Amino acid sequence: MEISPKLLELAQRVEEKLSPLYRDIEKTAIANHNKVLKAFAEHKVSEFHFKGSTGYGYNDEGRDNLERVYASVLGSEAALVRSQIVSGTHAIVASLFGVLRPGDELLSVSGAPYDTLEEAIGIRGNAPGSMQEWGIAYKQVELTPQGDFDLAAIKEAINSKTRVAMIQRSRGYATRPSFTIDVLAKIISYLKGLKPDIIVFVDNCYGEMVETSEPTDVGADIIAGSLIKNMGGGLAPTGGYLAGKKIYIDQAANRLTAPGIGAEVGASLGVNRQLYQGLFLAPHIVSEALKGAVYTSALFQELGYLVSPNFDEKRGDIIQSIILGSPEQMVAFCRGLQEKSPVDAHVRPEPAPMPGYNDQVIMAGGTFIQGSSIELSADGPLREPYAIYLQGGLSKEYMKIAVLSAANKCLKLTNKL
Ligand SMILES: *Cc1c(COP(=O)(O)O)cnc(C)c1O
């Protein structure tokens, strides 16, 4: 590798202090693997479940059983796991439209929702069919400057129309920390205390399998996520999932297909095996991504950059941000990472405008599955503080190679080699 000997030596030193953290991540992976294996055994997963259906997809036992397996793994009554769910945003929006009715109010208690939800809610742009157009009101309560839930403001905001309280588990592209399950358990119980019939929805993207329990284990009524992130284990070619109370999953299924048809239809075509096998691998893949994130955090901190989270901080998602401090370093980082991708290594990332962003965005990602962010990728808007967000990584070894290449490019640029 064309990595400077000085950087390699430093990386070696950094790695030595990470062993105890790696052991903790492995403990979580073992507990999650156990949970998945238990669910597979309980639901008698067999070879015939991998067979797909066509057409309407009636009596697709493989698909239906996968949903039972997901429900068990996620500690919920029911789940919907479909390749017809096109993305995480779709899974979230199907959940929200499934349970909200005109006149209801949606309350985000964790500040601004993920960018892609703004148009669906109707707080940005003017997308036909947004919740706003359907007469669903929206309010949000900001987190405190420390990144905690603002309990007094939440109490103030909840009223007789508040039907759904929404929480984003992951940090997303914000500088706040992610929420751990302990913290989620407390806020869910607080919300239920204020309004017992409130539906608590958690955007679970990037958080799955990072800990040994999920938001549904601690009282969330419905959660949703993408299969090309944690739960797909790098093998799911597309799709999304929802899990939670049966009544709400049924409502969301009616929204996803048609009222009266719900979850009964939806051909799985050929993806059942990949979805089962991806779920089987997910605990390990998430642990690889976490080890890579911890490694990246420690390495860049050692190099003098501000990072979040710190390498030894408790994590609620797989995202690692590094404040690189200049647009040039963001470009250098992405190019270094891209050069060590398995796909499109020959492509040179360039900053470009993106719909929905005011600033140019740079991204790196050479993935087998388009846009998969459980495979290694990095991106960020070219604006203060010039932070890059790194996520995923199917193997820690691959992440080390790619992240060292990114670091090498940054150091070369700043003449620190
Ligand atoms: C990725 C993500 C989404 C949206 O998922 P897409 O698959 O990109 O539509 C929503 N919320 C969070 C926190 C995410 O990380």
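Some notes on this structure:
- For GLU156, the accessible area of its heavy atoms, probed at 1.4 Å with every protein chain present, is near 150 square angstrom.
- Cα-based Rg and Dmax for the range 72-172, where Dmax is the largest Cα-Cα distance (Å): 14.3, 41
- Here's how it looks for TYR138: its modeled amide H is under 5 Å from those of LEU106, which are all 5 or more places away or on a different chain.
- Comparing Cα centroids, the range 269-345 and the range 158-219 end up 24 angstrom apart.
- In whole angstrom, the range 168-211 maps to an equivalent ellipsoid with semi-axes of 21, 11, 10, each derived as √(5λ) from the alpha carbon gyration tensor and ordered largest first.
- Counting only protein heavy atoms and using a 1.4 Å probe, the accessible area of HIS90 comes to about 60 Å².
- When ARG68, ARG171 are compared by accessible surface with a 1.4 Å probe, the order from highest to lowest is ARG68, ARG171.
- Residue with peak Gaussian network fluctuation, the chain [Cα springs, cutoff 10 Å], from PRO381, PRO283, PRO20: PRO20
- Kirkwood-type radius of the range 35-80, with distances r between different C-alpha atoms, in Å: 10.9 Å
- Radius of gyration over Kirkwood radius for the range 337-399, both on Cα atoms: the Rg/Rh ratio is 0.98.
- On the range 103-171, 50 percent of the accessible area sits on carbon and sulfur atoms, based on a 1.4 Å probe.
- Unsatisfied cross-links (Cα-Cα over 20 Å) in the set LYS229/LYS291; LYS44/LYS245; LYS27/LYS245; LYS186/LYS314; LYS155/LYS186: LYS44/LYS245; LYS27/LYS245
- Accessible carbon and sulfur surface of the range 304-376 relative to its total accessible area, %, 1.4 Å: 52 percent
- Helices of the chain meeting both criteria, an alpha-carbon length of 30 angstrom or more along the long axis and an average Kyte-Doolittle score not below 0.0, with helices taken as full DSSP H segments, are 272-302.
- Scanning residues 5 or more positions from MET363 or on other chains, those with amide H under 5 Å from its amide H are GLU350, with H placed 1.01 Å from N in the peptide plane.
- When TYR389, TYR58 are compared by accessible area of protein heavy atoms, the largest-first order is TYR58, TYR389, using a 1.4 Å probe.
- Sequence of SER287, SER160, SER395 from largest to smallest accessible area, 1.4 Å probe: SER160, SER395, SER287
- For PHE179, the accessible area of its heavy atoms, probed at 1.4 Å with every protein chain present, is near 10 square angstrom.
- Within the same chain, aspartates and glutamates fewer than 8 places from LYS17 are excluded, and of the rest, those with a Cα less than 13 Å from its Cα are GLU302, ASP312.
- DSSP beta bridge pairing in the range 163-317, given as percent antiparallel to the nearest 5: 40 percent
- Cα-based Rg and Dmax for the range 136-270, where Dmax is the largest Cα-Cα distance (Å): 16.1, 50
- Fraction of beta bridges assigned by DSSP in the chain that are antiparallel (%, nearest 5): 60 percent
- Shape descriptor for the range 272-335: Rg over Rh equals 1.12 (Cα atoms; Rh from the Kirkwood inverse mean 1/r).
- Cα gyration tensor shape of the range 264-417, rounded if a/c is under 1.5, else prolate or oblate by comparing a/b with b/c: prolate
- With one equal scatterer per alpha carbon and no solvent term, the Debye-computed log10 I(q)/I(0) for the range 1-132 at 0.12, 0.14, 0.18, 0.21 1/Å reads -0.83, -0.93, -1.04, -1.19.
- Prolate/oblate/rounded label for the range 204-244 (Cα gyration tensor, a/c 1.5): oblate
- Residue-normalised accessible area of the chain, expressed per residue, 1.4 Å probe, Å²: 42 Å²
- Kirkwood radius for the chain, taken over all pairs of different Cα atoms as the inverse mean of 1/r, rounds to 21.9 Å.
- Pairs of alpha carbons in the range 199-274 whose separation is greater than 17 Å (percent): 52 percent
The values are calculated or read from the model by the stated rules, or taken from the named source; none is laboratory data. What you see is a predicted model; the values in this text were computed from it and never measured. Quick note on the areas: whole protein, heavy atoms, side chains included, nothing else; ligands and nucleic acids left out. Shrake-Rupley method; radii C 1.70, N 1.55, O 1.52, S 1.80 Å.
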